[in-house]
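Chemist: I'd like to ask some things about the structure below.
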Amino acid sequence: MSGIEDPVDDLSVTPPKRWATGVPAVTHALEYSLGQTTVRRTALTLLNINQVKGFDCPGCAWPEPAAGKRHRNEYCENGAKHISDEATSRRVTADFFQQYSIAELGARSDYWLNQQGRLTEPMIKRPGAEHYEPIGWDEALDVLAGELRRLDSPDEALFYTSGRLNNEAAFLLQLFARAYGTNNLPDCSNMCHESSGSALTETLGIGKGSVSLDDIHTADLVFVVGQNPGTNHPRMLTALEETKRNGGKVIAVNPLPEAGLIRFKHPQKARGVIGRGTAIADQFLQIRPGGDLALFQALNRLLLEAEDERPGTVLDHAFISAHTTGFADFADHARKIAWEDVLDATGLTREEIERVHDRVLESGKIIVCWAMGLTQHKHGVPTIREVVNFLLLRGNIGRPGAGVCPVRGHSNVQGDRTMGIWERMPQTFLDALGREFGFTPPTRHGLDSVDGIRAMRDGTAKLFLGVAGNFVRASPDSHVTEEAMRRCRLTAHISTKLNRSHTVCGDTALILPTLGRSDRDIQASGEQFITVEDSMSEVHASRGRLAPASPHLLSEVAIISRLAHRTLGGTPAIPWEEFEADYGSVRDRISRVVPGFEDFNARVAAPGGFRLPNPVNRRVFRTSSGKAVFTVNGFTMPDIPEGHLLLQTLRSHDQWNTVPYAMDDRYRGIHNARRVVLVNPADLTALGFADRDRVDLVAVWHDGLERRAEDFRVVAYPASRGSAASYYPETNVLVPLDSVADISNTPTSKGVLIRLEATRAAD
Ligand code: SF4
């Protein structure tokens with residue numbers, strides 16, 4: 001036995017915290033680290049994480065300060081847990097798979113599966129088998145390559161990527177998929193920031209944020225919208241603290257009053273250890289889920305009206321006329337926004353919104369940061385377009401201390417997209433790839449994550465290769481996704497640790513264990529480093545420092561190169577063996593294909609790497625008009641019938657993406673349980689329920705399928721009226737596959753219509 005048991009659900013509730021981080025964060029991080037590995041290994045990981053000569057945190061994509069300005073402990077509680085989780089001394093061996101059948105593993109919790117430790121050798125589940133068994137690398141890759149070659153069409157294969165994948169491996173994966181003949185490159189970005197990419201590309205010409213850390217530090221006003229940095233990007237609080245100390249203000253907009261939005265106690269500063277820390281939000285707007293579009297429309301209307309009253313003093317006319325298009329139509333629409341609709345959609349008062357407007361007028365430099373609270377709604381793309389409208393009005397694009405800041409949740413999710421992991425890469429990229437490697441990449445758009453699940457469900461996709469991540473748990477509509485995966489001829493996962501996706505198998509299933517970010521990577525030409533790109537387009541090197549978890553692990557670059565060689569055969573134009581032997585040779589090719597990476601090897605050798613150019617910062621907009629685009633966005637809030645709630649799925653504080661590190665959510669005061677639903681006390685009373693009642697959450701969707709998450713406990717919580725919040729991935733079962741954001745196809749995980757029913761399990 002592993003000695004780790006599935007956690008028992010034993011809910012206790014304490015008042016939500018009013019501040020984040022501080023000494024308890026350090027204590028919790030160390031406790032977790034020392035529970036995973038030795039003191040020496042813990043020290044080695046924590047001394048190297050996010051250091052110039054060390055490795056990049058595999059957690060979120062928040063950037064590090066410039067080389068020379070970094071603290072010796074440049075990580076947060078979650079980063080420390082995440083790297084310790086990877087550096088764990090626990091091991092999953094062949095004996096383990098002999099002991100547990102796949103069905104038994106499937107019955108275990110996400111927590112238990114993760115706690116078993118690092119995968120150590122390739123495993124296969126053969127057709128009809130109930131257990132995984134060991135397999136050598138050559139045979140494993142032959143099985144996978146053989147199945148790829150047997151497909152009737154390359155478009156029957158899906159090549160999924162999660163944001164942990166480094167630039168070099170991501171570049172090779174997309175090269176392999178396209179040389180094989182498909183653009184089926186779904187990624188985790190499809191399920192998180194795709195709405196940001198869609199909206200920003202349309203309006204500003206590039207689907208990335210425009211700001212740097214210095215911009216955050218020097219802004220007059222930072223909006224943090226639909227985002228919980230205290231849990232999901234904790235070092236962002238350090239940056240916001242600096243904003244505040246420089247005289248800037250912060251406005252937080254969120255359905256829940258999250259601890260990190262209220263106050264931050266810096267654990268390395270006296271004011272954070274023995275003082276009260278720093279208040280983060282100067283104003284907190286407890287908005288209804290999905291009400292952000294209405295909020296920004298109201299602000300835009302107020303700005304237009306202020307300009308009418310004091311012509312020439314509010315809007316940046318010079319910027320608007322020189323650099324934008326579409327202003328007249330936008331302004332015409334914005335002036336007609338009805339206040340009653342705004343107040344209904346936001347749940348805010350007019351006074352609250354006017355107070356924000358006053359702060360906007362007082363601020364010369366404004367940044368808007370956001371995350372899933374904006375992107376995972378049906379109108380996620382129009383919402384972000386409206387944010388751009390707001391910033392354009394006063395010229396808050398393309399100058400220091402101002403701009404757009406979509407905050408990415410996984411360490412290299414932005415870099416993977418830059419490297420070509422996208423089902424719809426522009427033709428210029430495909431042409432450059434084809435020129436460099438002497439083939440014609442397919443031009444037909446591929447499948448994203450949602451369409452990939454549909455294709456597996458419908459039998460038109462038959463092979464799934466997942467590189468990093470936990471696709472089954474990250475995806476919406478869990479039962480539908482699991483059934484879709486089981487229909488595949490072959491499922492394969494390149495992974496560091498055990499997760500539920502390994503238990504949801506096609507006829508044949510492979511587990512291909514790989515090096516982690518902290519593992520030393522030695523290839524034929526010597527020790528290698530990989531590179532990543534953070535949320536602010538900083539590209540830098542990452543060097544593993546620990547002895548690998550097993551001698552049988554291969555790097556992702558090696559696995560992809562060997563698989564490609566076996567599938568496609570050797571060609572002089574694509575020297576897969578050379579790529580595996582020397583990652584510098586991959587970077588040479590990237591520098592000739594991907595704009596902004598010229599002279600990649602030399603530039604990334606500089607301490608801290610380099611920042612990719614963003615033309616928006618020169619007020620160059622690569623849109624079809626060559627200008628930034630004002631847009632007209634209507635808002636249609638979801639109709640919430642009486643007796644229903646709008647559910648947002650979210651992470652607990654002790655969780656990284658799909659992996660819970662504990663059963664607690666310290667900041668929200670939830671302990672020893674994850675099957676909880678947070679609801680405003682007034683809504684509970686209106687619905688006829690009481691605190692701690694046992695309920696089922698039942699999704700309301702029009703396809704006739706019952707989506708029920710069973711046996712949750714209600715917790716009376718200061719959530720915005722009409723909303724509910726519950727943990728992902730347990731509630732992914734409620735997110736209908738067809739409930740997606742317009743344009744971006746992102747699952748609407750922050751806007752799921754549900755009703756509560758007394759739990760069946762209590763009968
Ligand atoms: S803020 Fe993000 S990148 Fe930084 S240490 Fe924490 S999890 Fe890692």
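No lab work stands behind these numbers, since they all come straight from the coordinates. Model, not experiment: these values are computed from the prediction. Every residue, glycine as well, gets a Cβ built from its backbone with ideal geometry; the counts of neighbours run over all protein chains shown.
Chemist: Show me the GluC sites (Glu not before Pro) within the range 659-748 that DSSP assigns to loop and that have at most 14 other Cβ atoms within 10 Å of their Cβ. Display every interim value, and only then the final one.
Modeler: Working: sites: E706, E710, E730; in loops: E706, E730.
Hits after loop and neighbour filter: E706.
Chemist: Tell me the mean residue ellipticity at 222 nm calculated for the chain from its helices only (DSSP H runs of n ≥ 4, each -39500 (n - 2.57), averaged over every residue, nearest 500).
Modeler: Theoretical 222 nm ellipticity from helices: -10000 deg cm²/dmol.
Chemist: Quote the relative contact order of the range 156-272 in percent (integer), defining contacts as alpha-carbon pairs under 8 Å separated by 6+ residues.
Modeler: 18
Chemist: Just checking the chain: which Cys have no other cysteine's beta-carbon under 4.7 Å?
Modeler: C57, C60, C76, C188, C192, C488, C505, each lacking another Cys Cβ under 4.7 Å.
Chemist: Classify the chain as rounded, prolate or oblate, taking a ≥ b ≥ c as the square roots of the eigenvalues of its Cα gyration tensor: rounded when a/c is under 1.5, otherwise prolate if a/b is larger than b/c and oblate if not.
Modeler: Values: a/c = 1.45, a/b = 1.23, b/c = 1.18.
It is rounded, given that a/c, with a ≥ b ≥ c, falls under 1.5.
Chemist: Let me ask something else. Please state the shape class of the range 612-763: rounded when a/c is under 1.5, otherwise prolate if a/b exceeds b/c and oblate if not, all from the C-alpha gyration tensor.
Modeler: prolate
Chemist: Report the full-extension gain for the segment D458 to E598: residue separation times 0.36 nm, less the Cα-Cα distance, to one decimal in nm.
Modeler: 46.1 nm
Chemist: Just check the range 347-484 against the gyration tensor rule for me: Cα atoms, a ≥ b ≥ c as the square roots of the eigenvalues, rounded for a/c under 1.5, and otherwise prolate or oblate depending on whether a/b exceeds b/c.
Modeler: Verdict is oblate for the range 347-484.
Chemist: Next question, about the same structure. For the ranges 495-508, 34-47, what's the packing order if you count other beta-carbon atoms within 10 Å of each residue, average per peptide, and put the highest first?
Modeler: The peptides rank, most packed first, as 495-508, 34-47.
Chemist: Give the cross-link partners of K17 among the lysines, using a straight C-alpha distance below 28 Å as the criterion and excluding same-chain residues fewer than 8 apart.
Modeler: K81, K244, K249, K265, K269, K750
Chemist: Suppose R0 equals 45 Å; then what is the FRET efficiency for N246 and L705 from their Cβ-Cβ distance, rounded to the nearest 0.05?
Modeler: The formula returns an efficiency of 0.30 here.
Chemist: Could you work out how much longer the chain between R760 and D738 gets when fully extended? Use 0.36 nm per residue separation minus the Cα distance between them, nm to one decimal.
Modeler: 5.3 nm
Chemist: Express in nm, to one decimal, how much length is gained between S89 and A43 on full extension, taking 0.36 nm for each residue of separation and deducting their alpha carbon distance.
Modeler: 15.2 nm
Chemist: Further question on the same structure: Cut-off under 19 Å on the C-alpha distance; same-chain residues fewer than 8 positions from K365 excluded. Which aspartates and glutamates are left, in chain and number order?
Modeler: Within the straight-line limit of under 19 Å, K365 reaches these aspartates and glutamates: D214, D215, D220, E241, E242, D282, E307, D316, E354, E386.
Chemist: Reachable lysines from K627, Cα under 19 Å, same-chain residues fewer than 8 places away excluded?
Modeler: In chain and number order, the partners are K208.
Chemist: Work out the FRET efficiency for A328 and H131 from their Cβ-Cβ distance, taking R0 = 56 Å, and round it to the nearest 0.05. Don't skip to the end; give the middle numbers.
Modeler: On the way: r = 67 Å, r/R0 = 1.20.
Efficiency, rounded to the nearest 0.05: 0.25.
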